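First the structure, in the form of structure tokens, and then the observations on it.
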Amino acid sequence: MDWKGHVAVVTGAGSGIGQAIAERFAEVGAEVVIAEVNRQQGEAAAADLQARYGKGLFVRTDVSKAADCRAMVQRTVAAYGHLDTLVNNAGVNFVKPTLQMEEADWDRVIDVDLKGTFLCSRYALEVMVPRKQGNVINIASVHTLATLPEAVPYAAAKAGVRMMTSALAIEFAPYGIRVNAVSPGLTDTQIWQDIQNAAENPAEARQHWYDNIPLGRVQTAREVANVVLFLASDQATYITGANIMSDGGVTVQLVSRAHYASKPLEGQVKR
Ligand SMILES: NC(=O)c1ccc[n+]([C@@H]2O[C@H](COP(=O)([O-])OP(=O)(O)OC[C@H]3O[C@@H](n4cnc5c(N)ncnc54)[C@H](O)[C@@H]3O)[C@@H](O)[C@H]2O)c1
């Protein structure tokens, strides 16, 4: 596919998965807008892409604020003339026991992960509809299907993103606009570094998580970016409303590999 002139906005592209997605678009020759709340990270990410690919425009955006989302889309159209792909990647994760949770904790996660995805989609779709083309890709999570204790707002937000994907997909299909989600499992970004840094024995901590993943490892941010690029491309023109799991199989297992290996059913189950 020829990506020349393709314009992609990636929210939260100042680090982690979003940065890898922005790089993937720049690499193939698309124009990329880095819509990021953290000015320092956003400017650094844009400068890096400019130096390596001659692409990358930083637009400071807090996705939880409607005025920011509207202005970011306007700035994109002013710079490049149109918008082809919006990637709603900005998100905050957060684990805390429910009985210690304050209203502000709930609001912070829901405002960025759920409301932010809606607001950016709403203003991006407004400029996509008249052209009758475009696509929206929401970075959801394995938490759309299965979750952990003490992750209530995050699980609720990501499950909401999953159904928002379906609802937007059917509303905008008549315009030829596709809306999909990619749901990553554990990915090597700051959160994975934090897990290892917090452990007394990082090697043991790594193995503990690998034992729960059928493919036996954590994925790279680039592996998520590859799925996003596929969905944005003309290889995926009949896919809309999908939620693609990029999770190493973690959400299709009944029990972990380690759990099963300790007591395999073979020889125990009699007909
Ligand atoms: N890393 C994982 O294991 C994993 C797994 C499943 C899903 N995800 C999802 O992938 C996405 C990216 O995760 P990551 O690990 O790269 O996180 P990250 O913390 O490395 O990056 C998130 C980026 O979003 C930005 N951001 C936060 N609030 C924002 C706001 N209000 N407006 C604009 N930008 C904002 C941050 O500044 C940061 O640059 C998130 O939606 C996350 O929920 C991550």
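Here are a few things to note about the model shown:
- Residue within segment 139-160 that is touching a residue at least 24 places away in the same chain (Cβ under 8 Å), more than 16 Å from the ligand (Cβ to nearest atom), buried (at least 18 other Cβ atoms within 10 Å of the Cβ) and within 15 Å of the chain's Cα centre (by Cα) present: no
- Consider segment 218-233 and keep the residues that are in contact with a helix residue (DSSP H, G or I) (Cβ under 8 Å, 6 or more places away or on another chain) and of a type in the set (S, T, N, Q). The one that is nearest to GLN193 (Cα to Cα) is THR220.
- Screening segment 187-238 for residues that are away from the ligand (no atom under 16 Å from the Cβ) and acidic (Asp, Glu) and picking the one that is surrounded by the fewest Cβ atoms within 10 Å (Cβ to Cβ) gives GLU200.
- When segment 239-259 is filtered for residues that are within 14 Å of SER183 (Cβ to Cβ) and either more than 12 Å from the ligand (Cβ to nearest atom) or not in a loop (DSSP other than H, G, I, E, B) (or both), the ones remaining, listed by number, are GLY241, ALA242, ASN243, ILE244, MET245, SER246, GLY249, VAL250, THR251, VAL252.
Every residue, every condition in (1) buried (at least 19 other Cβ atoms within 10 Å of the Cβ); (2) within 16 Å of the ligand (Cβ to nearest atom), yes or no:
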position	(1), (2)
GLY12	yes, yes
GLY18	yes, yes
PHE25	yes, yes
VAL28	no, no
VAL32	yes, yes
ALA35	yes, yes
ARG39	no, yes
GLY42	yes, yes
ALA45	yes, yes
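- Candidates VAL92, VAL112: the one that is touching a helix residue (DSSP H, G or I) at 6+ places or on another chain (Cβ under 7 Å) and among the aliphatic types (A, V, I, L, M) is VAL92.
- Scanning segment 50-82 for residues that are out of contact with any helix residue (DSSP H, G or I) (no Cβ under 9 Å at 6 or more places or on another chain) and of a type in the set (D, E, K, R) yields one hit, ARG75.
- Within segment 1-10, being among the β-branched types (Val, Ile, Thr) and more than 12 Å from the ligand (Cβ to nearest atom) holds for one residue alone: VAL7.
- Residue match in segment 74-90 (condition: among the hydrophobic types (A, V, I, L, M, F, W, C), away from the ligand (no atom under 14 Å from the Cβ) and outside any helix (DSSP H, G or I)): yes
- Being within 15 Å of the ligand (Cβ to nearest atom), of a type outside the set (Phe, Trp, Tyr) and open to solvent by 80 Å² or more (accessible area, probe 1.4 Å) holds for only one residue in LYS132, LYS115, and it is LYS115.
- No other residue among ASP211, ASP247, ASP194 is closer than 23 Å to GLN41 by Cβ and among the charged types (D, E, K, R) apart from ASP194.
- Residues of segment 210-256 satisfying the condition of being of a type in the set (S, T, N, Q) and touching an Asp or Glu at 6+ places or on another chain (Cβ under 8 Å): GLN219, THR220, SER246, SER256
- Of all residues making up segment 208-234, the number that are over 22 Å from the mean Cα position of the chain (by Cα) and modelled with pLDDT of 95 or more: 0
The values are calculated or read from the model by the stated rules, or taken from the named source; none is laboratory data. It should be emphasised that the depicted structure is a prediction, and the values quoted were computed from it without experimental measurement. We place every Cβ from the backbone using ideal geometry, glycine too, and count neighbours over all the protein chains shown. Surface areas here come from the heavy atoms of the whole protein model, side chains and all, with no ligands, DNA or RNA. Shrake-Rupley method; radii C 1.70, N 1.55, O 1.52, S 1.80 Å.
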